[in-house]
Structure formats: C-alpha cells, structure tokens
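Taking it in order: structure first as structure tokens, then the write-up.
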Amino acid sequence: MLLRNTQKGMQTIIVTGGAGYIGSHTIIELLISTNFNVISIDNFSNSTSRSYQRIKEITGKSFETLDLDLCNKEKLYTQLSKIKNIIGIIHFAAFKSVPESVTDPLSYYNNNINSLTNILSFAQQQKIKNFIFSSSCSVYGNADDLPVTENTPLKTAESAYGHTKQIGEDIINFVCKANAEFNAVLLRYFNPVGAHPSGKIGEFPLNRPNNLVPIITQTAVGKNSLTVFGNDFDTRDGSCIRDYIHVSDIADAHVKALNYLIGNKNKKNVSVFNLGTGNGVSVLEAIRSFEKVSGKKLNYTIGARREGDVVAIYANNNLAKTELIWIPKYSLDDMMGSAWKWQQTLEAES
Ligand code: UD1
C-alpha cells in the first residue's frame, strides 16, 4: 500500500473501519460528494477488501488504503505520521455485536476502547481538529421515555457493546474539555440496515451474522434460520421495537457532520446527534415488510429473549434535521428491498 497524498495540497480524511459495513458506504458518499482525499484504515477483522473493489466500481474513483490494527499504537503512529493534510477522522473501527459482547465483554473493552484512545492520541499529537465517532442508541439503555432525544438521560447499558459506546463518548467529552480547539461529533446510530441501492455493496458477512436483517435475508435463501427473540415484551405485538435506518442515510449523515465541523457550524466542541428515522418498528413488523417487498414467506420461530437487548427504542431526530440539515430518505420497505437485492448479489457470486 502506498502512502502518498494523491493530489498535492488536497485535504485528507481518515476513515477507520473503511472496509466495514457503514464505513464502506460512507466512503462512497465522500468520494461522490466531496473533494477530499480519502484514506481507509482497516485490519479486516470483520470485513473484507472486496468492499474496496466495490467502492471503486460504484464511484469510479480511487482512494488509499492501509491494513492496520488501531490497537497497535506504535504502528499506528509510524504509518499515519506519514500522511499530510489530515483535516478530519471518521472513526468506525470497532466490534459491534450486542450478543457477542455479552459473552466476551473483555474483547469489546480491549478493542473498542484501545483503538479509540490510540486514534485520539494521534489526533491530539498531530493537532487534527475534527473527529466523528460512531456511537449507538445502545448508550440510552432501557430509556424511560420514547422517543429519545440527545438529552434523554443515559441509563445503565444493557451490554458491554453499549457500555463501550458510553465510555467512548465520555472519553471524547473529556478530551474536548481539555482541548478547546478539538471538535467532535458523536453520531448515535439507531439500527443501520439495508445496502447501497446499486446492489453492488452491502455487509459482507464473514461469520454467522447476529443482526436481524442479514439473518432475515439469509433465511429467505435457506442459509440461516430465523428466531424472533421474545414475543412477550410490553410492546404492541410483544416483540422488541427498534428504529431501523438505511445505511446510505447514515453514510450521508457522516458527510454532513464532517462539513458541519469543517465549516465551523458547530455551537459546542462536542455535538451529539441521533441518527434514526423516528419510527419504532417491531421485529414482527420488520419481517412483514421483508415478506411484502421480496414476495417470500419467511419461516421463523419464536424463541426466548436475547440477553443484552433493550425492549424498545426509537429516535427523536429533530436535532440532526435542523443542525446537519439531514433528512433520512429511505422507508422501511426500501431498507428491506435493498437488503434483499444485496443478498441476491451475494447468491449470484457464491
Ligand atoms: C444494536 C444497537 C444498534 C447497533 C447494532 C450493531 C441497540 C438498541 N441497538 O442493535 O445501535 O447499530 O447493535 O450491531 O442496542 N432479533 C431477533 N432475531 C435475530 C436477531 C435479532 O429477533 O435472530 C431482534 C433483536 O432481539 C432486536 C432486533 O431484532 O430486537 C434487532 O436486533 P439486531 O439487528 O441484532 O440489532 P440490535 O442489537 O438492536
């Protein structure tokens, strides 16, 4: 991998976890709608370099890549110090499975916290001013009032994954407090799903997925079996409620957040935004939407509740709408339709 800035004087954005699900969709948006030089860092622990090829096919543009584990601080400093004109960092790289974090919490603390403190130390050392952090609605825990706003008090996290996001937010808050020049946006994703409308890229599942939508699409092609984790919750149909949001809408929010920081539009040096549609959707409703758009009947069973799950959560997204001028475009049916299209691409290639 070469580390040169493709065009002299161009401002560079570092995207960590750029081969991953949300990172790859965000690089597409960055290449299409900005003039930044993009450098992706990934160690492929839960992703594949095939994403890079797809990004190039979709955008017709090139970007640089670096195979690096952010937990290796020495290597991180050596490699990244060669890069000039870094204007911002978008930090996606992290483990992201709620159930996995319940059974193996330490790997979540080790990976998610060390990578964050290392990249933040580098940003401080290099005086990089703009930082965007992938947070999650899991920071709210089981909130008392719905929809949650950014000011809703954070309850105890239900999983180690959610806790690493709470700790990550705290770390960034303290770093910003100590450095008035350092600006951060914390993006609290609700449930990112779906795939790029082209059908050429989506999530490449390396292992058995834990998230609902890839399990639904794999079940539809006979490669998995779907269990609904609980139908005895205090919700309208007994299944958990989530705010599903299209991954391309999430990607678009990152470009807007970056321009917000670079354009000095932020009012404080830490800004927090909920990224959800504002619609609470039950697991059973999500299944019905998939069945409608795909024309496939899903066989599923009802099982026990999953440890670490919150019962219901959905966003008040007014702040992102007014401050970032971000309007989610895609409906639940669009999300399911694009996930289905992507599954068919994977089938055709397998
Ligand atoms: C959580 C986070 C989300 C984060 C995501 C990353 C919360 C509320 N949300 O999503 O912000 O982006 O992790 O992975 O913490 N389900 C089934 N059967 C299955 C799989 C899932 O019924 O086989 C149900 C779950 O119980 C849940 C819903 O589907 O109610 C969504 O689950 P999943 O897709 O795993 O995402 P979350 O854990 O909600």
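The values are calculated or read from the model by the stated rules, or taken from the named source; none is laboratory data. Just so it is clear, the structure is predicted and the values come from calculations on it, not from any experiment. Please note: Cβ atoms are built from the backbone with ideal geometry, for glycine as well, and neighbour counts cover all protein chains shown. Only protein heavy atoms, including side chains, enter the accessible area calculation; ligands, DNA and RNA are left aside. Shrake-Rupley method; radii C 1.70, N 1.55, O 1.52, S 1.80 Å.
Some points to look at:
- By the Stokes-Einstein formula, at 1.306 mPa s and 10 °C, the chain with its Kirkwood radius over alpha-carbon pairs has D equal to 78 µm²/s.
- Between the helical axis of 21-33 and the longest alpha-carbon principal axis of the chain there is an angle of about 60 degrees.
- Of all DSSP bridge pairs formed entirely within the chain, close to 5 percent run antiparallel.
- The 1.4 Å probe gives accessible areas that order H163, H196, largest first, as H163, H196.
- The Cα atoms of the stretch 295-334 give a gyration tensor whose axes a ≥ b ≥ c have a/c of 1.5 or more with a/b no greater than b/c, which makes the shape oblate.
- Scanning residues 5 or more positions from I86 or on other chains, those with amide H under 5 Å from its amide H are T12, with H placed 1.01 Å from N in the peptide plane.
- Folded to 0 to 90 degrees: helix 160-178 orientation relative to the chain principal axis, Cα: 30 degrees
- Using the Karplus relation 6.51 cos²θ - 1.76 cosθ + 1.60 with θ = phi - 60°, the per-residue 3J(HN,Hα) values for the stretch 207-215 come to 10, 5, x, 9, 7, 4, 5, x, 5 Hz, with x marking Gly and Pro.
- Label point of L206 set 7 angstrom out along Cα-Cβ; within the stretch 88-121, amide nitrogens under 13 Å from it belong to 93-97.
- Å³ per residue enclosed by the Cα convex hull of the stretch 199-299: 159 Å³
- Sparse-neighbourhood loop sites, GluC sites (Glu not before Pro) in the stretch 166-243 - DSSP loop, at most 14 other Cβ within 10 angstrom: E181
- The GNM of the chain, with springs linking C-alpha atoms under 10 angstrom apart, assigns the highest mean-square fluctuation among T301, T65, T156 to T301.
- Restricting the trypsin sites (Lys or Arg not before Pro) of the stretch 97-184 to loop positions (DSSP other than H, G, I, E, B) with no more than 10 neighbouring Cβ atoms within 10 Å leaves K127.
- Under the criterion of Cα pairs below 8 Å and six or more residues apart, the relative contact order for the stretch 1-142 equals 27 percent.
- With a threshold of 23 Å on the Cα-Cα distance, the over-threshold entries among K96/K292; K127/K177; K165/K223; K292/K329; K56/K129; K127/K268 are K96/K292; K165/K223; K56/K129.
- Close amide H contacts of V228 (hydrogens built in the peptide plane, cut-off under 5 Å, sequence separation of 5 or more or a different chain): T301, I302, G303.
- The phi-based Karplus calculation (6.51 cos²θ - 1.76 cosθ + 1.60; θ = phi - 60°) puts the 3J(HN,Hα) values of the stretch 274-290 at 7, 10, x, 7, x, 9, x, 10, 7, 4, 5, 5, 4, 4, 5, 4, 4 Hz, whole numbers, x for Gly and Pro.
- Cut-off under 5 Å, modelled amide H: who pairs with V15 long-range: I39, S40, I41, I90
- The largest-to-smallest principal axis extents of the Cα set in the stretch 311-350 are 43, 29, 15 Å.
- Tilt relative to the chain, helix 50-59 - C-alpha long axis, 0 to 90 degrees, to 10: 80 degrees
- For the chain, built as a Gaussian network whose Cα springs stay under 10 Å, the top-fluctuating residue of G20, G199, G303: G303
- Per-residue 3J(HN,Hα) values for the stretch 255-263, derived from phi via the Karplus relation 6.51 cos²θ - 1.76 cosθ + 1.60 with θ = phi - 60°, read 5, 5, 5, 5, 5, 4, 6, 5, x Hz in sequence order (x marks Gly and Pro).
- By the helix-only formula, in which each DSSP H run with n ≥ 4 contributes -39500 (n - 2.57) and the sum is divided by residues, the chain has a 222 nm mean residue ellipticity of -11500 deg cm²/dmol.
- Cα convex hull, the stretch 85-198: 131 Å³ per residue, rounded to a whole number.
- Coil-residue trypsin sites (Lys or Arg not before Pro) of the stretch 218-269, DSSP, other Cβ within 10 Å capped at 12: R236, K267, K268
- Over the chain, relative contact order from alpha-carbon pairs under 8 Å, at least 6 apart, %: 19 percent
- Computed lengthening from D104 to N231, 0.36 nm per intervening residue step minus Cα-Cα distance: 43.1 nm
- Accessible area per residue for the chain, computed on protein heavy atoms with a 1.4 Å probe, is 43 Å².
- L332 - accessible surface, heavy atoms, 1.4 Å probe, Å² rounded to 10: 40 Å²
- Simple label model, 7 Å out from Cα along Cβ direction - N85 to D170, nm: 4.0 nm
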